[in-house]
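Data block below; observations after.
The values are calculated or read from the model by the stated rules, or taken from the named source; none is laboratory data. It should be emphasised that the depicted structure is a prediction, and the values quoted were computed from it without experimental measurement. All Cβ positions, even for glycine, are placed from backbone atoms using ideal geometry, and neighbour counts span all protein chains on display.
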Amino acid sequence: MPVSSCGLRRLELSVAEPESSVDFFAGVLGWTVISEPGGSFSGWVGDRLAAQVVAGDQGWRVFFGGDEPRELKANSSVDSGRVLHGPWAPPPRGGEPCWVELMTETAEDEYWAAELGWEIKPESEDFVLFTSARHGEPRSVAGRLTTTRAQGWQTYFAVDDLAAACARVSELDGRVLLEPTTVPTGLIASVEGPHGGSCVLLESPAGWGGTWSS
């Protein structure tokens, strides 16, 4: 079995207009943007990489930290190197990734447990937490929701003021797909940039996964 993954190595957004997209998310999330070789961009919060934005049409791609780089299902991969975001990383600051959740019609929990060394913790009929005990006691590292809505890994970003962040989304020609609402993870809104890249904003999470971190 692979060594248990304890969080995210990085996130990558693949969209048709990477420069416009990174500018949008920088405006909403407060990133510092750096132009990278090949027409790609990176968004930073202080000294931590929040996400990379590249040309393409695949949307968000999730790279989990692990011992053996490899492709996974649902537009995700394992990448070796230091985990930047997760239950054992520093608490998420505004603009940083703070959770990931797999949206799927068919639960394949055993696949993810086998690939990433996670344990499965059912929370309801439709939702499970994946936990990792790589660094001691088990902590929540990701979620899985059975749904007929958009499929794949849903990325969450921390914001200090959700209402203000949603206002910036509208000002920058993005869309608020789901108005602020309280869910088990915390107070969230779902948003999308003018060139794609839908994600969830989570207000002031205390740790990785919001309320799931406690």
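Among the residues of the range 179-197, count how many are touching a residue at least 24 places away in the same chain (Cβ under 8 Å), surrounded by 15 or more Cβ atoms within 10 Å (Cβ to Cβ) and over 20 Å from SER20 (Cβ atoms).
Of the residues in that region, 5 qualify.
When you scan the range 133-148, how many residues do you find that are at negative phi and more than 17 Å from the chain's Cα centre (by Cα)?
8
Go through (1) in a loop (DSSP other than H, G, I, E, B); (2) under 22 Å from ARG9 (Cα atoms); (3) without any contact (Cβ under 8 Å) to a residue 60 or more places away in the chain for GLU125 and report which single condition fails.
Going through (1) in a loop (DSSP other than H, G, I, E, B); (2) under 22 Å from ARG9 (Cα atoms); (3) without any contact (Cβ under 8 Å) to a residue 60 or more places away in the chain one by one, GLU125 breaks only (2).
Every residue in the range 146-173 that is outside any helix (DSSP H, G or I), of a type outside the set (Gly, Ala, Ser), touching a helix residue (DSSP H, G or I) at 6+ places or on another chain (Cβ under 9 Å) and within 21 Å of MET103 (Cβ to Cβ), please.
TYR156, PHE157, VAL159
Might you let me know whether the range 61-68 holds any residue that is assigned to a strand (DSSP E or B), in contact with a strand residue (DSSP E or B) (Cβ under 8 Å, 6 or more places away or on another chain) and modelled with pLDDT under 95?
Yes, the range 61-68 contains a residue that is assigned to a strand (DSSP E or B), in contact with a strand residue (DSSP E or B) (Cβ under 8 Å, 6 or more places away or on another chain) and modelled with pLDDT under 95.
Do the conditions hold for VAL100, that is, is it of a type in the set (Val, Ile, Thr), buried (at least 22 other Cβ atoms within 10 Å of the Cβ) and not in a loop (DSSP other than H, G, I, E, B)?
yes
Could you count how many residues in the range 40-59 are under 18 Å from PRO91 (Cα atoms), part of a loop (DSSP other than H, G, I, E, B) and either among the polar types (S, T, N, Q) or in contact (Cβ under 8 Å) with a residue 24 or more places away in the chain (or both)?
Final tally of qualifying residues: 1.
Out of everything in the range 77-123 that is at pLDDT below 95 and polar (S, T, N, Q), what residue ends up being nearest to ALA158 (Cα to Cα)?
It comes out as SER80.
Quick one: VAL200 ticks every box in (1) surrounded by fewer than 17 Cβ atoms within 10 Å (Cβ to Cβ); (2) touching a Ser or Thr at 6+ places or on another chain (Cβ under 7 Å) bar one, so which box is it?
The single condition VAL200 does not satisfy is (1).
On the given criteria, is VAL176 free of Cβ contacts under 8 Å to residues at least 60 places away in the same chain, in contact with a Lys or Arg (Cβ under 6 Å, 6 or more places away or on another chain), crowded, with 16+ Cβ neighbours inside 10 Å and assigned to a strand (DSSP E or B)?
no
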